Amino acid sequence: MIPLKDDSRSASRPVVTIGLIALCCAVFLWQSSLSELMAGRAIDALGAIPAVVMGNARLPPDLLWVPRYAPIFTSLFLHASWMHLLGNMLFLWIFGHGVEDYMGPARFLVFYLICGVAAFLTPALATPHSAYPIIGASGAISGVLGAYFLTFPRARILTLVVLPFFFTTVNLPAMLLLLVWFIVQLVSHFTDHGGGVAFLAHIGGFIAGIALAPTFRRRDGRPVQV
């Protein structure tokens, strides 16, 4: 199931959502301009490696591009492929504009980054000696999905359903779609070993989004349109 569009209406332009998408795309263009060797070094230097961040390992001096904890944030803007980038940006656009309207731009940006931190810490605490870099915006975006799940219970999502030899579009309740998404992350975490996807980060980000969303609601009293 691939979400295409939601039916919530934003009262203002989602400048932070647009800015995050633009920044992720710009960073990926920079990654794509590097040689294969340098692209790998960039991921090692700017990706969030649990063992390094948790103090259980050190990077070689030539990879110390940023301070020890900075990769928790820089990793949110790195992606492994165009498909990785486009999938994440699709979800951020569909669900981000409504959550940004609910919180306001500044609060939404802080919320997004905190969810990114929570998403990283979930697998980092579970596997603190892991030497594999965690990259991508999906952990922070999972927090956005959690906030959307909580704050837009009546919204509906135009969804592309793809089956063997058949596809169609349906309007699904957002709560149902996101609940199915979360269950898939849980099942995948326990069954997909070595697949290269940090499902535990998605789970941690989603739960953080649900927990934090009420705290970040805008204070100007403006109603959110659904």
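The values are calculated or read from the model by the stated rules, or taken from the named source; none is laboratory data. No experiment lies behind these values; they were computed from the predicted model shown. Cβ coordinates were reconstructed from backbone atoms using ideal geometry, including for glycine residues, and neighbour counts include every protein chain displayed.
Hey, could you check segment 185-218 for residues that are over 19 Å from residue 6 (Cβ atoms) and β-branched (Val, Ile, Thr) and say which is nearest to the chain's Cα centre (by Cα)?
203
For segment 26-75, which residues satisfy the criterion of being in contact (Cβ under 8 Å) with a residue 24 or more places away in the chain and more than 23 Å from the chain's Cα centre (by Cα)?
Result: 56, 57.
Please work out which residue is surrounded by the fewest Cβ atoms within 10 Å (Cβ to Cβ), limiting yourself to segment 161-195 and to residues that are touching a Lys or Arg at 6+ places or on another chain (Cβ under 7 Å) and hydrophobic (A, V, I, L, M, F, W, C).
Initial filter on segment 161-195 (touching a Lys or Arg at 6+ places or on another chain (Cβ under 7 Å)): 171-174.
Now restrict to residues that are hydrophobic (A, V, I, L, M, F, W, C): 172, 174.
Values: 172: 18, 174: 26.
Out of the qualifying residues, it is 172.
This table checks each residue for (1) of a type in the set (Phe, Trp, Tyr); (2) at pLDDT 95 or above.
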position	(1), (2)
140	no, yes
160	no, no
190	yes, no
213	no, yes
219	no, no
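Here is a check on your reading of the model: is residue 28 surrounded by 16 or more Cβ atoms within 10 Å (Cβ to Cβ), part of a helix (DSSP H, G or I) and touching a His at 6+ places or on another chain (Cβ under 8 Å)? Spell out the reasoning first.
Numbers: surrounded by 16 or more Cβ atoms within 10 Å (Cβ to Cβ): yes; part of a helix (DSSP H, G or I): yes; touching a His at 6+ places or on another chain (Cβ under 8 Å): yes.
In short, yes.
What number of residues within segment 1-42 are of a type in the set (Ser, Thr, Tyr), closer than 20 Å to residue 141 by Cα and at pLDDT 95 or above?
Going through segment 1-42 one residue at a time, the tally reaches 1.
I'd like the residue in segment 148-160 that is out of contact with any Phe, Trp or Tyr (no Cβ under 8 Å at 6 or more places or on another chain) and more than 18 Å from residue 217 (Cα to Cα) and, out of all such residues, is surrounded by the most Cβ atoms within 10 Å (Cβ to Cβ).
Restricting to residues being out of contact with any Phe, Trp or Tyr (no Cβ under 8 Å at 6 or more places or on another chain) and more than 18 Å from residue 217 (Cα to Cα), the top hit is 157.
Assess whether residue 216 counts as being touching a helix residue (DSSP H, G or I) at 6+ places or on another chain (Cβ under 7 Å) and in contact (Cβ under 8 Å) with a residue 24 or more places away in the chain. Lay out the reasoning, then the answer.
Working: touching a helix residue (DSSP H, G or I) at 6+ places or on another chain (Cβ under 7 Å): yes; in contact (Cβ under 8 Å) with a residue 24 or more places away in the chain: yes.
The answer is yes for residue 216.
Can you find a residue that is within 26 Å of residue 208 (Cα to Cα), part of a helix (DSSP H, G or I) and among the small types (Gly, Ala, Ser) anywhere in segment 63-82?
yes
Select from segment 161-173 the residues that are more than 16 Å from residue 184 (Cβ to Cβ) and touching a strand residue (DSSP E or B) at 6+ places or on another chain (Cβ under 8 Å) and list them in ascending order.
Once the filter is applied, which keeps residues that are more than 16 Å from residue 184 (Cβ to Cβ) and touching a strand residue (DSSP E or B) at 6+ places or on another chain (Cβ under 8 Å), segment 161-173 yields 167, 168, 169, 170, 171, 173.
Which residues, taken from segment 196-211, are at negative phi, surrounded by fewer than 19 Cβ atoms within 10 Å (Cβ to Cβ) and at pLDDT below 95?
197
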